[in-house]
Amino acid sequence: MKPKVMFFSLLLVAVCLSVPYGVRAGGPAPTTTGSTVRGKVRFEGKVPAPKPINMASDPSCAKPHSAPVMSQDVMVNGEGDLQNVVVFVSDGLGDRKFDPPTQPAVIEQKGCLYQPHVLAVRANQPLELVNDDSTAHNIHPQPVNNREWNKAEPPGTKMEEAFAREEVAIPVKCNVHPWMKSYIAVFKHPYFAVTGKDGSFDLSNLPAGTYTLKAWHEKLGTSVQTVTIGANETKELSFTFK
């Protein structure tokens with residue numbers, strides 16, 4: 001092989017290897033700069049009292065619970081940190097495209113509750129639905145921007161589905177047990193998080209740029225902020241719901 005041809009061949013290989021895994025052709029590849037936006041979501045004011053869930057219609061549902069089961073609509077710890085908030089980049093990524101992960105996200109039906117109560121997944125990522133209960137369930141997502149489906153799931157079984165388009169967030173119910181409710185947020189990119197008990201979120205490996213961030217809660221609505229981050233920069237951000 002001639003030296004010039006060999007040089008360009010090696011250059012082509014180097015360029016191909018430099019494209020991050022998970023980025024599809026058709027948009028500029030994001031640079032993994034180590035930039036991060038992180039922070040907390042808090043609740044101010046009087047916290048709505050949780051309501052007890054009546055599972056009397058199916059005694060097998062109440063059996064695994066040693067204490068009364070309470071609603072999960074607004075979950076706030078003693079320091080005012082708000083759980084089950086989806087924090088995500090809503091604008092600023094341009095036309096970057098990302099391959100969905102092959103590892104499935106999982107929702108369990110345990111004690112006749114959906115666990116987790118709020119889940120965030122990627123568009124076209126496998127979604128595994130597991131029935132750990134001794135009773136049958138009927139899983140019924142009610143999307144606006146995706147295909148609606150309604151499937152029975154016998155005890156001790158699992159099935160797999162997926163959502164093709166971005167949507168925040170899809171309510172999920174069980175037609176057998178009306179108190180069972182969950183929400184699934186679907187994204188075409190990996191820059192999202194769901195707050196845990198401490199209300200924290202972490203959006204890592206963002207390319208440098210200016211972004212619109214949203215925080216969504218099933219009862220309290222949506223809060224919006226704009227943030228600009230440089231390469232290898234970390235910024236703290238907080239959202240407050242009332």
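The values are calculated or read from the model by the stated rules, or taken from the named source; none is laboratory data. Bear in mind the structure is a predicted one, so any value in this text is a computation, not a measurement. Here the Cβ is made from the backbone with ideal geometry for all residues, glycine too, and neighbour counts use every protein chain on show.
Tabulated data for the structure shown
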item: Complete set of residues in segment 116-140 that are within 20 Å of Pro64 (Cα to Cα), out of contact with any Cys (no Cβ under 6 Å at 6 or more places or on another chain) and polar (S, T, N, Q); result: Asn131, Ser134, Thr135
item: Selection within segment 199-208 - more than 14 Å from the chain's Cα centre (by Cα) and crowded, with 18+ Cβ neighbours inside 10 Å; result: Gly199, Leu206, Pro207
item: Test result for Glu236, loosely packed, with under 15 Cβ neighbours inside 10 Å and modelled with pLDDT of 95 or more; result: yes
item: Every pair of residues 6+ apart whose Cβ atoms lie under 6 Å, when the first sits in segment 66-90 and is of a type in the set (D, E, K, R) while the second is crowded, with 18+ Cβ neighbours inside 10 Å and assigned to a loop (DSSP other than H, G, I, E, B); result: Asp81/Gly199
item: Out of Ala105, Ala67, Ala136, sole residue that is modelled with pLDDT under 95 and of a type in the set (A, V, I, L, M, F, W, C); result: Ala67
item: Candidate set: segment 114-138, residues that are in a strand (DSSP E or B) and more than 18 Å from the chain's Cα centre (by Cα); chosen: the one surrounded by the fewest Cβ atoms within 10 Å (Cβ to Cβ); result: Asn138
item: Residue among Pro28, Pro3, Pro20 that alone is at pLDDT below 95 and either under 18 Å from Glu218 (Cα atoms) or surrounded by 12 or more Cβ atoms within 10 Å (Cβ to Cβ) (or both); result: Pro28
item: Filter result for Gly196 (surrounded by fewer than 16 Cβ atoms within 10 Å (Cβ to Cβ), assigned to a loop (DSSP other than H, G, I, E, B) and in the same structural domain as Val76 (by the TED database)); result: yes
